[in-house]
Amino acid sequence: MEKTEKKSPKQLYNKLLFIYTAVIACVVLALMIYFTTSMRRRYLENNLEFLQMAHEEAVAYVENCSNAADYLHEELYNSNMELKDVLHYLSDSTEEYQKYRLDSFSQYYLLDYHGIEDFSASAFEMYPSLIRLAFVSYEKGDLTAYTGGQGVYHTDDGKETLENIRSGDLAQEGEFSFLKEVRDPNTMQSMGAMIVTFGADHFRTIRSSYELSELVVYNENGTMIYDSAGELPAEELETARGAHQLETKLKAYVQTSNPDKLNVISYLKKIEAARMPFGRWVMIFAVGVAAFFVSECLVNWYLRRVSTRLDRILDGMTKVMGGDLTARLDAPNNGDELDVIALHFNEMCEKLDLHIQKSYLAEIEQKNAEMAALQSQINPHFLYNTLEAIRMKAICNGDQEVGKMLYSMAVTFRSQLKEADVITLAQELHYSKKYMELFEYRYPKQFQSGVDCPLEYMQVPIIKFVLQPIIENYFIHGIRMRDNDNFIRIMVEKRGGDFAIIVEDNGRGMTEEEIAEKNRQLRENKMDKTKSIGIANVNRRIKAVYGSRYGLELENVKTGGLRVILTYRPQEGESDEESNDRGR
């Protein structure tokens, strides 16, 4: 027959480790992809929100500047003195304007005169973003510009400014302006214009607050006021009408507005909209690698435990294959199928061992006992007949004591020769009593014996020849030859469904360590062929017939001596007749 290939649990371990590693890698990779996608989506949402905020702040700045220009224009008309001063400044020559101011001081005795300079100074105090306040005279064509802390700029040639006013293009890079007509309230004639100019630095501040968002501001004439990226000129932006076309052209998310004839465009490059910082990539990768290695270590630890348990199961099976039915597996309470396998394996070995003991070992033990008896007794038929002849001769000669001794010995031999394998307790106790009588004759006035068994237990079946080896062990190892108070007694008790036959003596006894070692050997059904062979044989026969839970146990007696307890449970339905039939 071909040998089956012996497989090691390592093969299963390697397969499971590979599968679990692949699963863990896929799960960790999926989680990394999920968290990366989720984080990129969150960055996109945040950046789009920042784009919206940047655009709203830029539009709000333009609208605030426009409102500031309107407010300054209204304030000019609310102050009669300042308005008249501006009107004379725009219409009169320099000499006439100075004469008007001196006449106003002398005529009204004014100590605090408010003119165009005071109006301009007040405007710069109210609006820090104001960089220039210019007045242009349509009649004279000159221009005077106030720049706050940088002083006053005046030119008699304002043609360029007038041309810009006519074309509607008052803006230039870095600044944008609002034109406000200055009219005479009496004639409603336009005397000139007030140009309110604001700087584009605030757009740069907005851009710095939202780094990824780009900002472009230009007027309807295509003059670029502010461009944070400088990618496209205003002319190309003008050709792309609508946010959708701008998104295609710029490959970005776009926000557009047109406050006060200025075009404000905010956009965010799609390639950078969902871009995560490098640190985030490192963090996700590090967490993923750490999760992979932790999971791998846990799986490896678990698989090694499973592999170790499988090793033990295979070792147990190997022992059983070799004929060792005493092999048992540990079955810890892990709650998995391997525990069930271990429990079933133990139960199988126990039942198989019990079956073999009942079917084969009991018969073998009995045959061995019979063979030993035959070898030691040297033809018991002949010996029994000879003893009976000697006994009759002794009686005829009037030696009654020798006759009694020979009768006790003959009864003992006959019990081994003629009785079945299973007898009653009454028979076993009778044979044991006769055996003890022999020693009473041998040790006169040194030894006493007794038997105590309730009548209702007398017919309980038991295998024969189980008490004599125990009694013999006492006379060999326990009796105190120098003392006259030696005794041994046999008692029978019922413990539940079990029976206990107690053989107690007051002999030399044993130490606690010796009793513990002997009881261990009896529980494990082991035999030390150098000591107490008879007790070990009885123990093996009891376990073989009645089960491994029964057998012999030794105890020390407090008053001195040894107590041997034989426990067994009679097999159901077994009668004396059946026992005799089985013996035959």
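The values are calculated or read from the model by the stated rules, or taken from the named source; none is laboratory data. This structure is a prediction, so every number in the text was calculated from the model and none was measured. A quick note on method: Cβ atoms are made from the backbone with ideal geometry, for glycine too, and the neighbour counts reach across all protein chains shown. Note: areas computed on protein heavy atoms with side chains; ligands, DNA, RNA excluded. Shrake-Rupley method; radii C 1.70, N 1.55, O 1.52, S 1.80 Å.
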- [ ] Using only the Cα atoms of region 474-519, build the gyration tensor, take square roots of its eigenvalues as a ≥ b ≥ c, and label the shape rounded, prolate or oblate: rounded if a/c is under 1.5, else prolate if a/b is larger than b/c, else oblate.
- [x] oblate
Open item on the list: Starting from the 7 Å offset along Cα-to-Cβ, what nm value, one decimal, do you get for the label separation of Ser209 and Asp330?
Closed with: 6.9
Open item on the list: For a quick check: with amide H placed at 1.01 Å from N, whose amide H comes under 5 Å from Asn219's, ignoring anything fewer than 5 positions away on the same chain?
Closed with: Ile225, Asn263
Open item on the list: Quick check: net charge around Ala200, other residues with Cβ under 11 Å of its Cβ, Lys/Arg +1 and Asp/Glu -1?
Closed with: -2
Open item on the list: So with the 1.4 Å probe, I'd like the accessible area per residue for region 273-328, rounded to whole Å².
Closed with: 66
Task: Net charge, Met191 excluded, C-beta distance under 15 Å - Lys, Arg +1, Asp, Glu -1 - done: -4
Open item on the list: Which of the three applies to region 13-114, rounded, prolate or oblate, going by the alpha-carbon gyration tensor with a ≥ b ≥ c and a/c under 1.5 meaning rounded?
Closed with: prolate
Open item on the list: Between Ser167 and Glu555, what is 0.36 nm times their sequence separation minus the Cα-Cα distance? Round to one decimal in nm.
Closed with: 127.0 nm
Open item on the list: I need the phi-derived Karplus couplings for region 539-552: 6.51 cos²θ - 1.76 cosθ + 1.60, θ = phi - 60°, integer Hz, Gly and Pro marked x.
Closed with: 4, 5, 5, 4, 5, 5, 8, 9, x, 6, 6, 9, x, 10
Task: Built amide H within the under 5 Å cut-off of Glu231, gap 5+ - done: none
Task: Extension gain (nm, one decimal) between Gln521 and Leu44, 0.36 nm per residue minus Cα-Cα - done: 163.8 nm
Task: Distance in nm between pseudo-label sites at Cys26 and Phe487 (7 Å out along the Cβ direction from Cα) - done: 8.3
Open item on the list: Give the residue list of GluC sites (Glu not before Pro) in region 424-454 that are DSSP loop and have at most 10 other beta-carbon atoms within 10 angstrom.
Closed with: none
TODO: Read phi for every residue in region 449-457 and hand back ³J(HN,Hα) as whole Hz from Karplus 6.51 cos²θ - 1.76 cosθ + 1.60, θ = phi - 60°, with x for Gly and Pro.
DONE: 9, x, 10, 10, 9, x, 4, 5, 9
Open item on the list: Given axes a ≥ b ≥ c from the Cα gyration tensor, I'd like to know whether region 80-223 is rounded (a/c under 1.5), prolate (a/b larger than b/c) or oblate.
Closed with: prolate
Task: Listed peptides 553-565, 192-204, 509-521 by packing density, highest first (mean Cβ within 10 Å) - done: 192-204, 553-565, 509-521
- [ ] Provide the per-residue ³J(HN,Hα) series for region 269-276, in order, calculated from phi with Karplus coefficients 6.51, -1.76, 1.60 and θ = phi - 60°, each as a whole number of Hz, with x at glycine and proline positions.
- [x] 4, 4, 5, 10, 4, 9, 6, 9
TODO: Report the charge-dipole magnitude of region 184-307 in Debye, nearest 20, computed about the Cα centre from +1 at each Lys and Arg Cβ and -1 at each Asp and Glu Cβ.
DONE: 1020
Task: Unsatisfied cross-links (Cα-Cα over 20 Å) in the set Lys434/Lys543; Lys84/Lys180; Lys319/Lys526; Lys434/Lys464; Lys464/Lys518 - done: Lys434/Lys543; Lys464/Lys518
Task: Estimated FRET transfer efficiency when R0 is 56 angstrom, pair Ile356-Thr37 (beta carbons, to 0.05) - done: 0.25
- [ ] Write down, largest first, the equivalent ellipsoid semi-axes of region 484-550 in whole Å, where each equals the square root of 5 times an eigenvalue of the alpha-carbon gyration tensor.
- [x] 21, 19, 11
Task: 5 angstrom amide H check on Glu175, placed H, neighbours 5+ away - done: Ala200
TODO: Express in nm, to one decimal, how much length is gained between Glu512 and Glu181 on full extension, taking 0.36 nm for each residue of separation and deducting their alpha carbon distance.
DONE: 106.6 nm
Open item on the list: Suppose R0 equals 25 Å. What FRET efficiency, 1/(1 + (r/R0)^6) with r the Cβ-Cβ distance, do His477 and Lys445 give to the nearest 0.05?
Closed with: 0.70
